[in-house]
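The values are calculated or read from the model by the stated rules, or taken from the named source; none is laboratory data. Everything numeric in this text was worked out from a predicted model, so none of it was measured. Counting neighbours? That spans all protein chains shown, and the Cβs are built from the backbone with ideal geometry, glycine included.
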Amino acid sequence: MHILVCGSLAFDRIMPFPGRFSDHILPDKIHILNVCFLVNGVDEKFGGTAGNIAYNLALLGEKPLIVGCAGKDFGPYETWLQDLGLPLAGIRRIPEEHTAGAYITTDLSDNQITGFNPGAMRHPAQFDVSGFPAGDTLAIISPGNVSDMIEYPRVFRKLGIRYIFDPGQQITALSGPDMLEAITGSYMLVTNDYELEMVMKATGQTRDQLKARTSVLVTTLGEQGSVLAQDGTEVRVPAARVPQALDPTGAGDAYRAGLIRGLALGRSLAEAARLGAVCAAFAVEHRGTQEHRFSETEFAARYTENFGSLA
């Protein structure tokens, strides 16, 4: 099956501050804030929603096509994706922009101050998906360029391609009508519980009304697992156990990758969600969104430990 992953590609530049912000920010002077934090270097990680989902799918044995934009500094990330065996034809280069980047300063209490430069993500991908067979293609529209998140659902509906809509961090950037249009006719709407509340507020729809506009409503609940609503029934899938959770960042993207892998294999919705839960468990055991690895044997063992034998 062809898998299209639409969304962002970004560098996460993490700068550890060997102190606490609270010792340097004076509450009564917040209106004239002017502080400088001397950090202990910069740790550059590969990220972005499309990049993270594609990375996890590659670990699971898939070769998805990323649809998004990258900038003039994309070289190291490009090499990383090539080493994973991922095709790059869907990535549009914007030579006058930098690849999207998050600049994250983290103090000793794990508080963070982040600046985000959308860079190349300001531009639409402009990738033609009309050549993909409707019956053998699955797409996910994850947070990225807003016009892509509006236009690709229209294109996929017209072509008869099943798509997952995952508005995530771009919920506040999408208008209620645009979001509702994207959800209507989708195969699946995936959010966490907080994001679902934001979607309902933006669209003016209740949860039941949203369920009527998409075939499957998936709501992730962190360590409480996920809830799958389809055809008037709901199934709760527990989270996979984690020996030591270090960083939840990227767990949602890993979950989505496992879910997509299961759907591509023709698994039941519940089993696909269990694959997502196991993939997310590996992600939270490492700091960074593309730092974990697992073999097929390791993944199967973790699945069996949590959910029984993987047929």
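Just to be sure before I move on: is Leu275 under 30 Å from Phe11 (Cβ atoms), in contact with a Lys or Arg (Cβ under 8 Å, 6 or more places away or on another chain) and modelled with pLDDT under 95 in the structure I sent?
No: the conditions fail for Leu275.
In the range 24-50, which residue that is outside any loop (DSSP other than H, G, I, E, B) and in the same structural domain as Ala125 (by TED's automatic domain parsing) is surrounded by the most Cβ atoms within 10 Å (Cβ to Cβ)?
Only one residue tops the list, namely Ala50.
Please verify whether the range 151-158 includes one or more residues that are within 20 Å of Ala102 (Cβ to Cβ) and charged (D, E, K, R). No, the conditions are met nowhere in the range 151-158. With respect to (1) touching a residue at least 40 places away in the same chain (Cβ under 8 Å); (2) touching a Cys at 6+ places or on another chain (Cβ under 8 Å); (3) of a type outside the set (Val, Ile, Thr), the lone exception for Tyr77 is condition (2). Among the conditions (1) among the small types (Gly, Ala, Ser); (2) surrounded by fewer than 16 Cβ atoms within 10 Å (Cβ to Cβ); (3) within 27 Å of Ala277 (Cα to Cα), the only one that Gly144 does not satisfy is (2).
Those strands (runs of 3 or more DSSP E) of the range 66-174 in which 2 or more residues are more than 13 Å from Ser8 (Cβ to Cβ) occupy 100-106, 112-117, 137-141, 162-165.
Total residues in the range 265-311 satisfying the condition of being surrounded by 14 or more Cβ atoms within 10 Å (Cβ to Cβ), within 22 Å of the chain's Cα centre (by Cα) and not in a helix (DSSP H, G or I): the figure is 11. Residues to consider are Met121, Met188; find the one that is crowded, with 20+ Cβ neighbours inside 10 Å, in the same structural domain as His98 (by TED's automatic domain parsing), of a type outside the set (Phe, Trp, Tyr) and under 17 Å from Asp253 (Cβ atoms). Of Met121, Met188, the one residue that is crowded, with 20+ Cβ neighbours inside 10 Å, in the same structural domain as His98 (by TED's automatic domain parsing), of a type outside the set (Phe, Trp, Tyr) and under 17 Å from Asp253 (Cβ atoms) is Met121.
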